[in-house]
Amino acid sequence: MTTVISTRGLQKHFGRTIALDGLDFSVEAGEIHGFLGPNGAGKSTTIRILLGLARATGGEATLFGRDPWTDAADLHRRVAYVPGDVALWPNFSGGEAIDLLTRLRGGMTDKTAYRERKERLLEVFQLDPKKKGRAYSKGNRQKVALVAAFATPAELYVLDEPTSGLDPLMEQVFNREIDRVARDGATVLLSSHILSEVEELCERVTIIRAGEVVESGTLAELRHLTRTEIAFVHDPAKEAAVAALPGTHDLVIDEGRVRFTVDSDRVADFLPDLGRLGVQGLTVAPPSLEDLFLRHYGDELAPVEEEARA
Amino acid sequence: MTRLLVLLRQRIRRDRLQLALWILGTALLAYASISAVFSTYGEEQDRREILGVAIATRTILVFRGTPNGIDDGAFAFFLLFAWLALMGGLMSTFLAVRHTRKEEEEGRAEAIAATPAGRILPTTATVIHGVLANVALGLFIALALIANGLDATGSMVWGAAITVSGIAFVAFGLFTAQLFRTSRGANSLSVTFVLAAYLLRGIGDAAGTPSDDLLHVTPAWPSWLSPIGYGQFTGAYVQNDLTPLLIPLAFAAALIGLVFALQAVRDQGASLLAGRAGRATAGPVLSSSFGLAWRLNTPILLSWTAGGIATGLLATSLSSVVDQAATDAPQILDTLRRAIGSEASIEEAFVAVFYSIVGILAACCAVQVGIRARQEEAHGTAELVLGTRVPRLRWLLEYWIVGVIVIVIVLAASALAGIAGAGTAADPESLIPNVLEAAAAQLPACLVFLGLTLLVFAFVPRATIAVGWTVVGVAAILGVWGPILQAPEWLVDLSPFAHSPVPAGGETDWTGGFWMLAIGLAAGAVAVWSMRRRELASGG
């Protein structure tokens, strides 16, 4: 396995603001890597450094083992990039922007193949290529950038919150495209602030917060960090039996429903017990990134809550 | 009513610095220029002479006004009114578009329209804001004139004429905002209209009928098409007649009525001239980053080239008129010789003045190319391009090359237009080398402005747009209008335009040109080279 992305002690300061404070993470070839963090954690800054659009204040970042700042243009032959906030030329149509970006990436060598790929992508993403850039909504601008990214094969796809403007149907289309490029052996770096989205696609994730990595590993490894919420209709007759279940946390009875959380890697253990109780209206909600942060890294939030309670 | 006041206060607050600079700056310019005029042309004989020259050459009238005698007030009005009205016009149309189409384009107008303020009230607030700004401009100019010891009544008439022509331009700005989908489209049509208003009254003055004493001119009909022309008809300090101002006021009222009618029936964000659907695939030009830079700058190039062609045509075609006037009245020829210098012929002096204007147009075009690079960066589209295999250094280098090309095209087009216009001159063949030299002489100064704008882009990206326009604007005022406005020599010398070689009498001193060529190339090279270390500065 070769390392495609690697950072060591990566630092980025904007004046006095410290955006990245010693970031270490790596992505291996062929991996779909989730890059998670709340807004303002430093995800986009990291991505921009990896693409040579911004320069690291300190530390080291390499892309395919080379320096992304000095070798930017050369490295970009192997990279497809979708920025977090896609801007298009207001006077050019989406189709023109896609063709332009493809040509700049050198993806026009086989015109027929490119045209077929482009037509297929326009079809599946349901994008009208004749609209002018200024007339597209945020979601459609994102689709333009995605079609441009997927229309030319790349070794590495860097996607900064690519689904934030897409509807659920389009998210499925997007997931299929990611599966497709992954099957072809490409590496994908997918940033997001939504844990479930990353869970569906990624084998490994890196979670950052305030410019530092807080967790990195496979999803199975991170499972212990999270708790899944289980809820069902409250039946007073079974109250005692529910309370006796082992391993539950935060049990509450609220608006006629029982809610509690269990460690995510132990959800299956509970199912027989719940079956014996014959619970009605059962829901099992996977943990969100917000839950994870509140539970494990809520050190800064906690005092605020205390104050609120006081 | 409270909502209207809220919207109005928001406009005033947002514009306070910008409008204060426009208004006080213009008033200060008026004050300083008039002091200078009085110290230079204090003597009655000097004024008679300069009016005689202006009326004889006609073209000088294009850039000044309607001669109306040699009294202090009337003489100042002749020299400065049209210029101040031009400044007020630009202030007014930018104001109108900024608060209407620009807001719609950015989506902010939608947030306002969704409140009880609705779609129409913001436009009403903009009309009031524009009227107030122009009243303030007229008032401060009148005060500047009175402070110079000019008669109060005439000064108030002058101020009123500035206010009214400004209001007409506000109305026109609002109208263009209804027409176009983008603020860029609206701004370019309104700026064209303001410049056309200035030039139409200029042509009216130049083609007017002079009186026997060569101190007065009755403007020809083109002046009747221009709000600035009606301002001149007031004859401040002499006739003091406010009735001509009723026509631009009626024009403004009709146009504003039309604006409200259009706004009442159209959708929020829509425009009268619909944006067309684009093509599904990119054309051959859009196949490289250079092609992209070129495509992004072609609209800019076209508009400045049109200006260059018009100026070039005027330069030589009007010179035949001058020649005619000089032949008809030999005593005028003597006056001209004394005023312009015996070395230069009348035609040469003419061509030199007009091609210095062409130089400003080409420099503006080059500055706008540099600004385009910044807009690409701030908008985020540069990030898309630099995310592909385009190196940073090459990206800016391509903008520099496009800048050089647009300068050459504007200058070449104006030279060709000048040659085409020379057909009517007495001796066309002798005029052609003169035109070619005069056009080529503008290249170095233009390269300086291109280099400066890219330097600002490289080192203080967020200031690119403001500094780029300010530098070229101030330099144009100092270098070309500075001598007319009697600015001190050291101040004029700060402007690159002042160092452009002037072909005259068969001898041209190219020293200034070579220096500026070196400075321009060096500035461009430093800017491009600095991209090695510069990261993308998006936003702001």
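The values are calculated or read from the model by the stated rules, or taken from the named source; none is laboratory data. As the structure is a computational prediction, the values presented were derived from the model and not from experiment. Note that we place each Cβ from the backbone using ideal geometry, even for glycine, and neighbour counts take in every protein chain shown. Quick note on the areas: whole protein, heavy atoms, side chains included, nothing else; ligands and nucleic acids left out. Shrake-Rupley method; radii C 1.70, N 1.55, O 1.52, S 1.80 Å.
Summary of values
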| item | result |
| --- | --- |
| Test: residue in segment B:255-262 that is touching a helix residue (DSSP H, G or I) at 6+ places or on another chain (Cβ under 9 Å), small (Gly, Ala, Ser), away from chain A (no Cβ under 14 Å) and open to solvent by 50 Å² or more (accessible area, probe 1.4 Å) | no |
| Test for B:ALA525: is it at pLDDT 90 or above and more than 23 Å from the chain's Cα centre (by Cα) | yes |
| Scope segment A:65-111; condition within 9 Å of chain B (Cβ to nearest Cβ), in contact with a helix residue (DSSP H, G or I) (Cβ under 8 Å, 6 or more places away or on another chain) and of a type in the set (Lys, Arg); matching residues | A:ARG103, A:ARG105 |
| Among (1) more than 14 Å from chain A (Cβ to nearest Cβ); (2) surrounded by fewer than 22 Cβ atoms within 10 Å (Cβ to Cβ), the one test that B:ARG184 misses | (1) |
| In segment B:62-75, the residues that are open to solvent by less than 10 Å² (accessible area, probe 1.4 Å) and more than 13 Å from B:VAL217 (Cα to Cα) | B:GLY73 |
| Among (1) within 14 Å of chain A (Cβ to nearest Cβ); (2) over 30 Å from A:GLY107 (Cα atoms) - the single one B:THR381 does not satisfy | (2) |
| Residue within segment A:31-50 that is within 11 Å of chain B (Cβ to nearest Cβ) and more than 17 Å from the chain's Cα centre (by Cα) present | yes |
| Lone qualifier among B:GLY204, B:GLY154, B:GLY159, B:GLY149 - being farther than 30 Å from B:VAL265 by Cβ and in a loop (DSSP other than H, G, I, E, B) | B:GLY149 |
| The listed residue being open to solvent by 10 Å² or more (accessible area, probe 1.4 Å), within 14 Å of chain A (Cβ to nearest Cβ), assigned to a helix (DSSP H, G or I) and among the basic types (Lys, Arg), out of B:ARG389, B:ARG394 | B:ARG394 |
| Residues that are of a type outside the set (Gly, Ala, Ser) and either farther than 17 Å from A:LEU169 by Cβ or within 12 Å of another protein chain (Cβ to nearest Cβ) (or both), drawn from segment A:121-141 | A:LEU122, A:LEU127, A:ASP128, A:PRO129, A:LYS130, A:LYS131, A:LYS132, A:ARG134, A:TYR136, A:LYS138, A:ARG141 |
| Residues being in contact (Cβ under 8 Å) with a residue 60 or more places away in the chain and surrounded by fewer than 12 Cβ atoms within 10 Å (Cβ to Cβ) - total across segment B:274-289 | 1 |
| All helices (runs of 4 or more DSSP H) inside segment B:455-535 with 1 or more residues being within 17 Å of B:ALA366 (Cα to Cα) and more than 14 Å from chain A (Cβ to nearest Cβ) | B:464-476, B:511-530 |
| Within segment A:168-246, helices (runs of 4 or more DSSP H) holding 1 or more residues that are assigned by the TED database to the domain that holds A:SER26 and surrounded by 15 or more Cβ atoms within 10 Å (Cβ to Cβ) | A:168-183, A:195-201, A:219-222 |
| Unique residue being at pLDDT below 90, touching a Ser or Thr at 6+ places or on another chain (Cβ under 8 Å) and of a type in the set (S, T, N, Q) when the list is B:SER190, B:SER183, B:SER211 | B:SER211 |
| Output for segment B:113-159, where each listed residue is open to solvent by less than 30 Å² (accessible area, probe 1.4 Å) and either within 23 Å of B:GLY257 (Cα to Cα) or in contact with a strand residue (DSSP E or B) (Cβ under 7 Å, 6 or more places away or on another chain) (or both) | B:ALA113, B:ALA117, B:GLY118, B:PRO122, B:THR123, B:ALA125, B:THR126, B:VAL127, B:HIS129, B:GLY130, B:ALA133, B:ASN134 |
| Failed criterion for B:ASP241 (all others in (1) within 30 Å of A:TYR114 (Cβ to Cβ); (2) of a type in the set (D, E, K, R); (3) away from chain A (no Cβ under 14 Å) hold) | (1) |
| Boolean, A:ALA97 is in contact (Cβ under 8 Å) with a residue 24 or more places away in the chain and either among the β-branched types (Val, Ile, Thr) or within 30 Å of A:ARG66 (Cβ to Cβ) (or both) | yes |
| Hits in segment A:253-272 (condition: surrounded by 10 or more Cβ atoms within 10 Å (Cβ to Cβ) and within 16 Å of A:HIS234 (Cβ to Cβ)) | A:ILE253, A:ARG257, A:VAL258, A:ARG259, A:PHE260 |
| Residue that is open to solvent by 50 Å² or more (accessible area, probe 1.4 Å) and closer than 22 Å to B:ILE23 by Cα, where the choices are B:THR243, B:THR163, B:THR192 | B:THR192 |
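Let's see how each residue does on (1) under 18 Å from B:ALA161 (Cα atoms); (2) open to solvent by 10 Å² or more (accessible area, probe 1.4 Å):
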residue: B:ILE23; (1), (2): yes, yes
residue: B:ALA54; (1), (2): no, no
residue: B:ILE60; (1), (2): no, yes
residue: B:PHE77; (1), (2): yes, yes
residue: B:GLY88; (1), (2): yes, no
